[in-house]
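The values are calculated or read from the model by the stated rules, or taken from the named source; none is laboratory data. Only a predicted model underlies this, so the values are computations on that prediction, with no experimental measurement involved. Positions of Cβ are generated from backbone atoms using ideal geometry, with glycine treated the same way; all protein chains shown enter the neighbour counts.
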Amino acid sequence: MKHVIIILFAVTFLACGCATTQVKIGRKISAADVNEIKIGKTTKTEILKKFGAPMTISIDPRGVEVYGFVELASDNHTWAIPPMLVIYIDGKASSIGKMLSVAFKDDIVRHWSYSVNSTMGAAEAGSTQGISGATLPDD
């Protein structure tokens, strides 16, 4: 019986493992690219060329189109013990979310806003930063 317990313990120990999973959604949005957006000058074509296809498109009653661009990245570090116990290692998970919203009227940028939300580990609070371009007055 003693040998069976030792063998089971050894098999369980050998079956343990660590893993890192990475999830990425959307196209890269850099602050440098966002800062090149000029209210009243940058065109819809330039935005699409720089940021790709938007994740969302909406049109308000005044005909203002709003494009939403999102970049999400997440790394999770886990430790697994058979048969089905998975532990997320505290302090090892991180995520960053970036969102760019661009409003167009007549295919010209009228307004934009950009925010970044990041977390580094389960025990640490996340942080959010945001910047925004000026808004052109309504016609």
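Please verify whether Glu36 is over 14 Å from the mean Cα position of the chain (by Cα), exposed (fewer than 15 other Cβ atoms within 10 Å of the Cβ), at pLDDT 85 or above and not β-branched (Val, Ile, Thr), treating the condition exactly as stated. Yes.
Selection of first residues in the range 54-76 that are over 18 Å from Met99 (Cα atoms) and of second residues that are modelled with pLDDT under 90 and part of a loop (DSSP other than H, G, I, E, B), restricted to Cβ pairs under 6 Å at least 6 apart or on distinct chains, gives the following pairs, ordered by first then second residue: Asn76/Ala93.
Going residue by residue through the range 50-72, is there one that turns out to be modelled with pLDDT under 90, surrounded by 10 or more Cβ atoms within 10 Å (Cβ to Cβ) and closer than 22 Å to Ser118 by Cβ? Among the residues of the range 50-72, at least one is modelled with pLDDT under 90, surrounded by 10 or more Cβ atoms within 10 Å (Cβ to Cβ) and closer than 22 Å to Ser118 by Cβ, which makes the answer yes. Exactly one residue out of Lys44, Lys98 is modelled with pLDDT of 95 or more and surrounded by 13 or more Cβ atoms within 10 Å (Cβ to Cβ), and it is Lys44.
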